[in-house]
Amino acid sequence: MTVPVIIDTDPGVDDAVALLLAAASPELELLAITTVFGNVGLEAVTDNALRLRALAALGHVPVAAGADRPLVHPQAERADRWHGSDGLGGCAAELPEPDGPVNARGAVALMADLLAVAPSPVTLVAIGPLTNVALLLAAHPEVKPHIARIVVMGGSLSGGNTTAAAEFNVACDPEAARRVLVEEDVATTLVPLDLTLRCAVDGAWLDELATAGPRGAALGRVIEHYRTQFREFSGGDAVPLHDSLAVLEAAVPGTLRTTALPLEVVYDHGPARGVLFAARRSGAGGRLVDVALDADVDEVSATVLRRLRRLC
Ligand code: BDR
Ligand code: CA
């Protein structure tokens, strides 16, 4: 049985790997790729999504652009230090030219249209700021029964990568994240930084991908700047593939081990803006989110590589 999915993304180096992983995952039926501001601006991430669609031979999949800014307050910072000013490590222009136009309906309308007619509930994989998803749930509550679950890469319960305690996707739009993770009631699996950092892949993994074939070589070039930045930052040759974990969990539900927790997102303007926290117990009442805090780490990275090698 295939899993119909829509991927909402801000490519982004790890988003690029995640999109190729989706193309390499036979369980997934990719209905659309929607874009959201985030790692870099909307225009760049949308162009990147179109180029990655061409690289992955996904020409039949519509790409639609969504929010170019957060719901309420301007984006505090982008992530070009990690992803390069074009979002793909300075290599966006080396990828294939877009093989079709951007879908004119726009991300939220396209998601709503696809959900409304989907013969079975669809998994939303949200691997950028949660602005589009929050807008979808706010403007089209009638589609909620058509969402099987939302798999979100975002948040951290143990320290941030943007501020001391806030993770990038949540920090980009805390109001949207709060709506999706706290106020709404759609089944949600959250893949936080706590786990994605443990699943970082090493230099040997990256070298194997880069020599797997022409697509692997293109991905290897895209990853190079990200790899260098992490080497300078941590002193080691390893990079987190954050967003791929959400795609893998969507393709093979249960790959990540989850704990149902009540969440809160800080959205005031103090130093904790964008921080996610959880009561480390269930049964506290209210809405629970399945938070992926554990996995067979070696198996996850081996599976991602095995799949990518088939495609690359
Ligand atoms: C998340 O932030 C972005 O920079 C990555 O693409 C990922 O979605 C990790 O915190
Ligand atoms: Ca991302």
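Where a number appears in this text, it was derived from the coordinates with a stated rule and is not lab data. Here the structure is a predicted model, which is why all the values come from computation and not from measurement. Note that we place each Cβ from the backbone using ideal geometry, even for glycine, and neighbour counts take in every protein chain shown.
Could you compute the net charge surrounding V133? Neighbours are other residues with a C-beta less than 11 Å from the C-beta of V133; K and R count +1, D and E count -1.
Surrounding charge for V133 is -2.
Of the DSSP beta bridges with both residues in the chain, give the percent that are antiparallel, rounding to the nearest 5.
About 30 percent, rounded to the nearest 5.
Would you pull out the residues with amide H under 5 Å of T188's amide H, same chain only if 5 or more places away, H placed 1.01 Å from N?
I150, D290
Can you list residues whose amide H is under 5 Å from V201's amide H, if they're 5+ apart or on another chain and H is modeled 1.01 Å from N?
When sequence neighbours closer than 5 places are left aside, the close amide H contacts are V239, L241.
Whole-Hz Karplus ³J(HN,Hα) for the stretch 256-261, in order, using 6.51 cos²θ - 1.76 cosθ + 1.60 and θ = phi - 60°, x for Gly and Pro?
Coupling constants for the stretch 256-261: 9, 8, 10, 10, 6, 9 Hz.
Work out how far the C-alpha atoms of the stretch 3-311 reach from end to end along every principal axis, then list the three figures in whole Å, largest first.
50, 44, 36
At K144 and A260, where each label point lies 7 Å from the Cα along Cα→Cβ, what is the point-to-point distance in nanometres?
1.7
What shape does the stretch 239-281 take by its C-alpha gyration tensor, where a ≥ b ≥ c are the square roots of the eigenvalues and a/c under 1.5 counts as rounded, a/b above b/c as prolate, and the rest as oblate?
Details: a/c = 3.34, a/b = 1.67, b/c = 2.01.
Oblate, since a/c reaches 1.5 and b/c is not below a/b.
Output wanted: per-residue J couplings in Hz (rounded whole) for the stretch 231-237, from phi through Karplus 6.51 cos²θ - 1.76 cosθ + 1.60, θ = phi - 60°, x for Gly and Pro.
Once rounded to whole Hz, the list reads 5, 5, 6, 10, x, x, 9.
Tell me which residues come under 5 Å, amide H to amide H, from A212 once H is placed; ignore anything under 5 positions away on its chain.
A217
Net charge near W205: determine it from the other residues with C-beta under 15 Å of the C-beta of W205, scoring Lys and Arg +1 and Asp and Glu -1.
Spelling it out: positives minus negatives among the neighbours equals -2.
Would you mind counting up the charge near P98? Only other residues with Cβ under 9 Å from its Cβ, with Lys and Arg at +1 and Asp and Glu at -1.
Summing Lys/Arg as +1 and Asp/Glu as -1 gives -1.
Say each of S234 and A164 gets a label point 7 Å from the Cα, pointing the same way as Cα to Cβ; how far apart are those two points in nm?
Placing both labels 7 Å along Cα→Cβ, they lie 2.2 nm apart.
I need two numbers for the stretch 176-242: Rg to one decimal and Dmax as a whole number, Cα atoms only, in Å.
Every Cα atom of the stretch 176-242 included, Rg and Dmax give 15.9, 45 Å.
I need the calculated FRET efficiency for the pair R287 and T2, taking r as the beta carbon distance and R₀ as 35 Å, to the nearest 0.05.
Working: r = 29 Å, r/R0 = 0.82.
Once rounded, the FRET efficiency stands at 0.75.
Using every alpha carbon pair in the stretch 19-119, what percent of pairs falls into each 10 Å bin from 0 up to the bin containing the largest distance?
Each 10 Å bin holds this share of Cα pairs: 15, 43, 34, 8, 0.
Given the options Y267, G106, T303, identify the residue whose Cα lies farthest towards the positive end of the charge dipole of the chain (+1 on Cβ of Lys, Arg; -1 on Cβ of Asp, Glu).
T303
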